[in-house]
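Accompanying notes for the structure given below.
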Amino acid sequence: MRKRDDRLRALVSGDESNELRLPRTGCPTPEELVYSFKPEASSEIKEKIIDHLLQCNSCQQEFELVRGYLNLIEKVERRVLRKPSNPIQKIARLLITGPALLKFAAISLLLLVLACSYFLLLKPVKDRWVERTSSLAESFSLLEEITLSQPATIRLIWKPVDKALFYRVEVFDHQMYLVWQSPSLKETRVELPNEVVSILQASPYFFWHLIIYTSESHRLESPARRAWLSPQ
Amino acid sequence: MSTRKEKEFQKIMDEFSGYLRSLVLKFNLNRLGLEAEDLMQDVRLKIWKIIINEKKIDNPASYLRKVVETAVLDQIRKIRREEEVFTSERQKLISEIEPKTNLYHNLDCSPKEYILKAADSLMDSRKTVVKLYLLNMNLAEISAYLNYSRAKTRNLLYRGLADLRTTLKEMGFNYEKKRR
């Protein structure tokens, strides 16, 4: 980010002009502020809160407090609570926190493992990765139902995924600019709004992909799929 | 309890204490009688209890989230209570000293208003990302908040900021510091 963009940020957040603290009647509740950070919160709620924050210094300070605490949770989870689950993570942890002799041993072991993997594993793993990617793409079974006669409709359909809590779909135009993001979906299909359909009709094809939320912190993304609106 | 965990925890809390201190200074929370150390003490103790009882708790990560969220909600409620008292006292003073002052004068022409107007004119997907950037969030935080990938967030942010600069220029607003 450029320095002049930082200046923009300073002008916005540093503007405590006349320190006006307006009555808090229209402000989101503390619970709503915390909820807005959750992945299941709709984009409408998030946008509403963001717009409010830019006008309300009091809510902005609370939002920053929540943000700070969520970062704290993430750090404690990552650096203190979660035990290293595989040998590489254990070695990495030793490198960061262990005494000098252990660090030396860990570095030697790491170099040995890297050298072995280069000669023995690199190529097969690469091949497997390619295979897995193509099979992953198929496993999502992304499909479109497109009707171009008036009124034009575009329905996006996919196969249910095990353990999915909800889905989201993102639609991009032919230049890969994001055009639309769906709300959280429980069903395995969605019909695009009319205004999105009319934007997409301006080009011969568009792209879309599926995001699958399996838990609060885990998600899967399908590869982007090109959908043709006119015969190729 | 391993000393590694203790050290790591202390390091994280030191970083967090720095963040809280800057927040208290930035928003002048001292005026409400709040100190960074007060805000931290309670949470420090709660988190430490979870860490030492990690093996006895079914899902420490989700328990930690719940405990810290409750603590932050309590703190916000406390800030709001203190603020209400502070604001009403100040309003009383203002009305006694200067009853005819219009508190809302001079709001239209602040640099913030210019920037927000320009941000509002951006296309929807870029607008949200740029606004979060203006709210001091970094790339990782914005992508986590909006459930976007890092690459997509970066793309939207760079394009959005470029559009914002162009719009501000068209509005005749010069925000860069003058060089000597």
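The table below gives the values:
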| read-out | value |
| --- | --- |
| Filtered residues of segment A:64-73 (kept if facing chain B (nearest Cβ under 7 Å) and of a type outside the set (G, A, S)) | A:E64, A:L65, A:V66, A:R67, A:Y69, A:L72, A:I73 |
| Elements of type helices (runs of 4 or more DSSP H) in segment A:29-85, at least 1 residues being touching a strand residue (DSSP E or B) at 6+ places or on another chain (Cβ under 9 Å) | A:43-55 |
| The listed residue being within 12 Å of another protein chain (Cβ to nearest Cβ), crowded, with 16+ Cβ neighbours inside 10 Å and in contact (Cβ under 8 Å) with a residue 12 or more places away in the chain, out of A:R225, A:R219 | A:R219 |
| So B:L73, is it buried (at least 16 other Cβ atoms within 10 Å of the Cβ) and within 21 Å of A:C56 (Cα to Cα) | yes |
| Residue among A:F140, A:F172 that is in contact with a Pro (Cβ under 9 Å, 6 or more places away or on another chain) and touching a residue at least 12 places away in the same chain (Cβ under 8 Å) | A:F140 |
| Boolean, A:S141 is in contact with a Phe, Trp or Tyr (Cβ under 9 Å, 6 or more places away or on another chain) and small (G, A, S) | yes |
| Residue within segment B:60-74 that is in contact (Cβ under 8 Å) with a residue 40 or more places away in the chain, over 19 Å from the mean Cα position of the chain (by Cα) and more than 7 Å from every other protein chain (Cβ to nearest Cβ) present | no |
| Among residues of segment A:47-60, those that are out of contact with any Leu (no Cβ under 7 Å at 6 or more places or on another chain) and either within 9 Å of chain B (Cβ to nearest Cβ) or at positive phi (or both), counted | 5 |
| From B:L45, B:L73, residue being over 26 Å from B:L135 (Cβ atoms) and modelled with pLDDT of 80 or more | B:L45 |
| Residues being closer than 18 Å to B:T167 by Cα, in contact with a Ser or Thr (Cβ under 7 Å, 6 or more places away or on another chain) and more than 7 Å from chain A (Cβ to nearest Cβ) - total across segment B:108-144 | 3 |
| Any hit, segment B:24-32, residues being part of a helix (DSSP H, G or I), hydrophobic (A, V, I, L, M, F, W, C), surrounded by 13 or more Cβ atoms within 10 Å (Cβ to Cβ) and modelled with pLDDT of 85 or more | no |
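The values are calculated or read from the model by the stated rules, or taken from the named source; none is laboratory data. Please read these numbers as outputs of a predicted model, since none were measured by experiment. All Cβ positions, glycine included, derive from the backbone under ideal geometry; neighbour counts span all protein chains shown.
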